[in-house]
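Read the structure below first, then the notes.
Since every read-out is calculated from the coordinates, none of them should be taken as a lab result. Predicted model, so just to flag it, every value in this text is computed and none were measured. All Cβ positions, even for glycine, are placed from backbone atoms using ideal geometry, and neighbour counts span all protein chains on display.
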Amino acid sequence: MGTGATEQRAAYERLRSAHLHAIRATLEDHVARVEWSRDRLERYRVERLRALLTYARERSPFHAARMDGLDPSSMVVEDLARLPPMLKDDSQREWDAIVTAPGLTRAGAERILAEEEWFSYTASGDQLFSSGGSSGVRGVYVWDWHQLITAAGLAWRMQVREERRSPEATLPARLAVLEAGGPPHASTPLFDVATTADMDTAIIPAGDPFEQVHAAVAEARPTHLVGYASVIARLAHATLDGNLDIHPVRVSTNSEPLSVEDLAAITRAWNAPVHNLWGSTEIGVQAVGCGHGEGLHVCEDEVVLERVDEAGDPVPLDQPAARTLATGLASR
């Protein structure tokens with residue numbers, strides 16, 4: 001890494017430190033939210049929705065045209081059905097008319113992504129990410145300062161809540177972060193989060209040859225694991241085969257479907273709670289497992305999920321849906 005790149009990374013890490021402090025502060029609120037009543041949750045997300053829509057109408061020509069004739073300051077969750085969904089192709093084709101970050105264009109975003117050797121912040125504290133996602137269609141996305149804080153709060157609050165309930169706190173804590181390991185993917189900034197001030201983290205690129213991943217994890221001797229489901233499952237099998245001596249007390253999986261077989265291997269290997277996560281770069285974190293039982297808990301305070309039929313009309317909960325539409329309330 002050259003001198004310029006080293007200085008750029010050091011500057012990023014200094015600002016990243018401020019971000020991490022903000023994330024740990026918001027976790028206090030996010031852990032409490034898990035216990036909210038239905039009424040409190042509904043009041044909160046209606047105001048979040050109105051704030052989002054009002055901001056989008058004022059700052060985005062694309063969304064202003066779609067909301068013509070509507071009053072976003074009086075809308076409720078059910079009114080989202082009155083708006084046409086924004087498809088991924090829309091979000092990329094109309095990028096400049098959608099993005100609300102002052103002075104940021106698609107061409108400028110592409111230039112930043114092409115030139116950065118490590119993650120970076122814009123002058124206004126935004127971060128740029130790119131991903132093909134499950135569709136395989138490349139997308140470029142902007143996360144502002146507060147969106148990353150919210151996404152990290154959603155990603156980690158279940159784990160933090162369970163850790164605080166456990167009488168057997170593990171110190172010192174070491175988190176192995178088995179994610180993309182570098183730009184432009186959002187997984188590393190989102191999951192490389194020391195949830196306590198005394199936790200250390202080690203970034204281990206999940207796409208490296210497995211022998212290298214295996215060796216790096218063995219050297220790190222993590223108390224906590226977070227990363228791609230398939231990679232963590234391979235580490236579990238290595239442990240079961242007697243080839244890896246680690247003892248994580250908590251495991252978090254993401255970025256890929258967690259199969260029944262992989263979950264069983266992880267559980268057999270370490271007998272640790274597993275928190276699976278569902279999310280996307282477009283929206284952020286949408287649902288997280290609590291570590292008890294099956295299924296995920298939808299992050300209803302910050303995400304609205306709409307089940308619709310082929311025509312885009314709402315579908316009752318007791319009927320099958322053709323697709324699910326997601327609205328991230330932290331996105332601006």
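Among ASP245, ASP208, which is charged (D, E, K, R), part of a loop (DSSP other than H, G, I, E, B) and over 16 Å from GLY181 (Cα atoms)?
Values: ASP208 fails: over 16 Å from GLY181 (Cα atoms).
Residue meeting the stated conditions: ASP245.
Please find, within region 216-230, the residue that is surrounded by the fewest Cβ atoms within 10 Å (Cβ to Cβ) out of those that are among the β-branched types (Val, Ile, Thr) and more than 9 Å from ILE204 (Cβ to Cβ). Even if it seems obvious, please write down each step before you answer.
Looking only at region 216-230, we keep the residues that are among the β-branched types (Val, Ile, Thr), and these are 217, 223, 226.
Next cut, more than 9 Å from ILE204 (Cβ to Cβ) only: 223, 226.
Numbers: THR223: 20, VAL226: 28.
Only one residue fits best here, namely THR223.
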(request) Report, by residue number, each residue of region 303-316 that is part of a loop (DSSP other than H, G, I, E, B), farther than 15 Å from LEU83 by Cβ and either touching a strand residue (DSSP E or B) at 6+ places or on another chain (Cβ under 7 Å) or aliphatic (A, V, I, L, M) (or both). (result) VAL315
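Any chance region 256-269 includes a residue that's aliphatic (A, V, I, L, M) and exposed (fewer than 15 other Cβ atoms within 10 Å of the Cβ)?
From region 256-269, those aliphatic (A, V, I, L, M) are 258, 260, 263-266, 269; that's our starting set.
From what's left, exposed (fewer than 15 other Cβ atoms within 10 Å of the Cβ): 260, 264.
Within region 256-269, one or more residues are aliphatic (A, V, I, L, M) and exposed (fewer than 15 other Cβ atoms within 10 Å of the Cβ).
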(message) Here is a list: ARG57, ARG14. Which entry is in a helix (DSSP H, G or I) and surrounded by fewer than 11 Cβ atoms within 10 Å (Cβ to Cβ)?
(response) ARG14
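Only one of these is hydrophobic (A, V, I, L, M, F, W, C), surrounded by 12 or more Cβ atoms within 10 Å (Cβ to Cβ) and more than 15 Å from ALA186 (Cα to Cα): LEU104, LEU154. Name it. Quick ask: steps written out before the conclusion?
Details: LEU154 fails: more than 15 Å from ALA186 (Cα to Cα).
Being hydrophobic (A, V, I, L, M, F, W, C), surrounded by 12 or more Cβ atoms within 10 Å (Cβ to Cβ) and more than 15 Å from ALA186 (Cα to Cα) holds for just one of LEU104, LEU154, which is LEU104.
Take the residues in region 51-82 that are closer than 18 Å to ALA330 by Cβ and of a type in the set (A, V, I, L, M, F, W, C), then tell me which one is nearest to the chain's Cα centre (by Cα). Give the derivation first.
In the first step, residues of region 51-82 are kept if they are closer than 18 Å to ALA330 by Cβ; the result is 51-60, 63, 72, 75, 77, 80.
When the remaining residues are screened for being of a type in the set (A, V, I, L, M, F, W, C), the result is 51-53, 56, 75, 77, 80.
Working: ALA51: 21, LEU52: 19, LEU53: 21, ALA56: 21, MET75: 26, VAL77: 22, LEU80: 23 Å.
Top of the filtered list is LEU52.
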(message) Can you tell me which of (1) hydrophobic (A, V, I, L, M, F, W, C); (2) under 26 Å from SER131 (Cβ atoms); (3) out of contact with any Phe, Trp or Tyr (no Cβ under 7 Å at 6 or more places or on another chain) is the one ALA264 doesn't meet?
(response) (2)
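To keep it simple, each residue is scored yes or no on (1) touching a strand residue (DSSP E or B) at 6+ places or on another chain (Cβ under 6 Å); (2) charged (D, E, K, R).
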residue	(1), (2)
ARG250	yes, yes
SER259	no, no
ASP262	no, yes
ALA265	no, no
ARG268	no, yes
PRO273	yes, no
GLY291	yes, no
ASP301	no, yes
ASP318	no, yes
(message) Can you say whether ARG82 is out of contact with any helix residue (DSSP H, G or I) (no Cβ under 7 Å at 6 or more places or on another chain), farther than 27 Å from GLU116 by Cβ, surrounded by fewer than 15 Cβ atoms within 10 Å (Cβ to Cβ) and touching a residue at least 12 places away in the same chain (Cβ under 8 Å), as far as the supplied structure shows?
(response) yes
(request) Any chance you could count how many residues in region 190-215 are more than 17 Å from the chain's Cα centre (by Cα), aliphatic (A, V, I, L, M) and surrounded by 18 or more Cβ atoms within 10 Å (Cβ to Cβ)? (result) 2
(request) Working only within region 22-42, note down all residues that are free of Cβ contacts under 8 Å to residues at least 40 places away in the same chain and either outside any helix (DSSP H, G or I) or more than 22 Å from VAL288 (Cα to Cα) (or both). (result) GLU35, SER37
(request) Name every residue in region 208-264 that is touching a residue at least 60 places away in the same chain (Cβ under 8 Å) and aliphatic (A, V, I, L, M), in order of residue number. (result) VAL249
(request) Scan region 235-255 for residues that are surrounded by 18 or more Cβ atoms within 10 Å (Cβ to Cβ) and more than 18 Å from PHE191 (Cα to Cα) and jot them down. (result) LEU235, ALA236, ALA238, THR239, ILE246
